[in-house]
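The values are calculated or read from the model by the stated rules, or taken from the named source; none is laboratory data. Given the structure is predicted, the values throughout are model-derived calculations rather than measurements. For neighbour counting, all protein chains shown are included, and Cβ atoms are generated from backbone atoms with ideal geometry for every residue, glycine included. Remember, those area values only see protein heavy atoms, side chains included, never the ligands or the DNA or RNA. Shrake-Rupley method; radii C 1.70, N 1.55, O 1.52, S 1.80 Å.
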Amino acid sequence: MLLPPQGASRSLAAVFTPIKSRGLVDEVCGRIEQAVETGLLTSGQRLPNETELASALGVSAVTAREALSQLRTSGIIRTIRGRSGGSFIADNVLPSRERALEQLDELTRLQISDLGLHYQAIACVCASLAARRSDAADMATLRSFIPAADADPLGWRLALSEFVLEVAAIARSARLARELIRLQADLGTLTLLPCADAGYRNDSARILDHTAGAIEAHRPAEAETGVKSLISTTTDWLLAEHARRI
């Protein structure tokens with residue numbers, strides 16, 4: 001399976017944005033491993049080649065080559081030689097709740113709250129703009145990212161990410177969209193955790209439907225409130241789980 005173009009999935013685009021510290025092999029590996037853990041990259045998907053990966057992440061080709069070698073050694077990817085070859089996500093590599101919990105445990109309550117507030121601030125501006133600029137085609141796409149009630153946790157996590165990024169696309173602001181993509185990369189595996197909770201999924205479904213309705217009806221304040229509620233619900237769930245594990 002070939003890796004889809006970045007435009008085909010706004011969440012997947014978050015994987016291939018420049019890393020914060022240039023030239024660090026561990027950061028490149030961490031970005032790919034995190035994408036596997038959250039289900040953005042699945043078994044059999046083909047990664048960009050060394051040159052493409054280096055360009056996307058803002059690192060040298062040597063760093064990209066070393067990172068791919070390290071990922072190969074750890075069993076995250078496999079490499080096939082030849083014209084139709086390349087580096088692919090290894091078979092039977094699945095997202096794990098355990099890794100998500102490890103990421104949660106590594107953060108303080110202040111860090112979780114701060115990340116949520118930052119995400120909320122950018123997403124709310126996008127929602128307000130989207131409500132002013134949406135059209136019928138936009139709404140058809142946005143509503144396609146409201147997951148079914150019986151979707152699995154991974155499906156929910158991906159749909160929620162895509163919904164928020166689609167709101168940014170409707171806002172017609174490339175700068176805001178890039179910031180949301182960066183924030184989603186920072187959130188990484190964390191957002192998988194609440195999606196296993198049926199109560200969270202039910203609450204989120206109502207919020208998503210209400211938010212989409214507000215954007216479609218061109219009600220900026222209501223759309224902003226909806227996105228704020230969605231992200232607050234996620235942040236509150238993570239804070240409660242963090243407190244429970246102390």
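Overview of results
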quantity: Qualifying residues in segment 160-177 (those that are at pLDDT below 90 and out of contact with any Ser or Thr (no Cβ under 8 Å at 6 or more places or on another chain)) - the one least open to solvent (accessible area, probe 1.4 Å); calculated: A177
quantity: Unique residue being among the aliphatic types (A, V, I, L, M) and surrounded by fewer than 18 Cβ atoms within 10 Å (Cβ to Cβ) when the list is A243, A212; calculated: A243
quantity: Helices (runs of 4 or more DSSP H) enclosed by segment 136-246 - at least 1 residues per element that are touching a Lys or Arg at 6+ places or on another chain (Cβ under 9 Å) and in contact (Cβ under 8 Å) with a residue 24 or more places away in the chain; calculated: 153-171, 174-187, 198-216, 220-245
quantity: Residue in segment 96-105 that is open to solvent by 70 Å² or more (accessible area, probe 1.4 Å), of a type in the set (A, V, I, L, M, F, W, C) and within 18 Å of the chain's Cα centre (by Cα) present; calculated: no
quantity: Residue in segment 34-42 that is surrounded by fewer than 21 Cβ atoms within 10 Å (Cβ to Cβ) and either among the aromatic types (F, W, Y) or more than 29 Å from I246 (Cα to Cα) (or both) present; calculated: yes
quantity: Matching residues in segment 127-168 - criterion: being under 18 Å from the mean Cα position of the chain (by Cα) and of a type in the set (S, T, Y); calculated: T141, S144, S161
quantity: Test result for V93, β-branched (V, I, T) and within 15 Å of the chain's Cα centre (by Cα); calculated: no
quantity: Residue within segment 22-36 that is modelled with pLDDT of 70 or more, touching a Pro at 6+ places or on another chain (Cβ under 9 Å), not β-branched (V, I, T) and not in a loop (DSSP other than H, G, I, E, B) present; calculated: no
quantity: In segment 52-73, the residues that are free of Cβ contacts under 8 Å to residues at least 12 places away in the same chain and open to solvent by 20 Å² or more (accessible area, probe 1.4 Å); calculated: E52, S55, A61, V62, S69, T73
